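Derivation of every value follows stated rules applied to the coordinates shown; laboratory data play no part. In this text, all values refer to a predicted model and were calculated from it rather than measured experimentally. Positions of Cβ are backbone-derived with ideal geometry, glycine not excepted, and every protein chain shown enters the neighbour counts.
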Amino acid sequence: MKKNWLPGIASFIMLGLVAVSFTSKRNAHAGVAKIKTIIIDAGHGFKGSMSSPDGTHGANSQEDVISYEVAKKVVEELKRVMPEVQVLETRPTPFFIGLRERANFANENKGNLFVSIHCNFAPNLREVRREGSRTETYYVRGKGKKKIKKTRTVPVYKTYYHPNPANGTETYVFAAHKQDDKEDILLENGDVFQNEKDDSTAFNININDPIVKQQVALWTKQFFASSVKLATIVEEEFTGVGRFSRGVKQRQKGIWVLQATAMPSILIELGFLSNRDEEAYLLSTEGQQQMAGSITRSIKRYKDLVEKPVVQNAAENKRK
């Protein structure tokens, strides 16, 4: 019996891949992808008490607080402009949630997008200066056990530390060399290929089948492309409000929540808390609202691009 229906499943999966280019087939309807659930992830969080932060910090700020405040504003804005979309938070309180819990939460709720919000930090710059010289005494062995005293002039160095001027926003996508991790997550969440639960075409997937594994690899590439697209839009919106964009990046060391979520996923760095100007901006209500607004507009643009590809692509071309 298995030999009879497996080719049909493979064909059905392939049709889904053709029909849906940016998100999972379980949300496909009439060949158009639908974004129904968005996961907003506020980075880090306080461990046990408000005096035990997990993230980085500036002179007057904690990443745990800023990421939480901006995430809350994003959630509020998304619910206002996209009431038809379910918006869920991995960290609804100021306190820490483990990375695996966050990824599991996103996967269990069948998210279509995962957006993680963080703040950056750059260590002080180290400068070593030569500042004069000094006389050093040393001894050499003479005849027998006799030691001969000598002197020499040696340079004197001092080390100074300066504030790092690094600034700007960055948006990360999962690293291409970590695609195997993403594929493993997709296989673990086998229903990524299923339609809605009330759809009679839903079926269980044999995750050990080589055809299924091949399709998962294709999905991984599509999720990567979708993640890059969303990240690019985010950085465009940041630039639009006057922020300096450091671009879309991949980190050589993988980012767990991006590798472990079975959906397009990005991690946003709002700015550098080590930079006094950016820290002040991100601490301000105006700055937080501006960043939240940019992220919300980015998600809305991406959603329109996915759900209305023909109309939106024309609009995107006009922008250029």
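Arranged from highest to lowest average of other beta-carbon atoms within 10 Å per residue, in what order do the peptides 75-81, 257-263 appear? All intermediate terms of the calculation are to be shown ahead of the outcome.
Details: 75-81: 15.7, 257-263: 24.1.
Most protected by this proxy first, the peptides run 257-263, 75-81.
Extending 7 Å from Cα along the Cβ direction at GLU101 and again at LYS143 yields two label points whose distance is 8.0 nm.
Taking amide H atoms as placed 1.01 Å from N in the peptide plane, the amide H of SER245 lies under 5 Å from those of THR169, each 5 or more residues away in sequence or on another chain. Given the pairs LYS34/LYS229; LYS36/LYS79; LYS34/LYS221; LYS34/LYS72, which are separated by over 21 angstrom at their Cα positions? The pairs that break the limit, which is 21 Å between Cα atoms, are LYS34/LYS72. Taking a ≥ b ≥ c as the square roots of the eigenvalues of the alpha carbon gyration tensor, segment 77-176 is prolate, as a/c is not under 1.5 and a/b beats b/c.
If I take R0 = 41 Å and measure r between the Cβ atoms of ALA280 and LYS308 in this structure, what FRET efficiency does the formula 1/(1 + (r/R0)^6) give, to the nearest 0.05?
Working: r = 39 Å, r/R0 = 0.95.
That pair, ALA280 with LYS308, gives E of 0.55.
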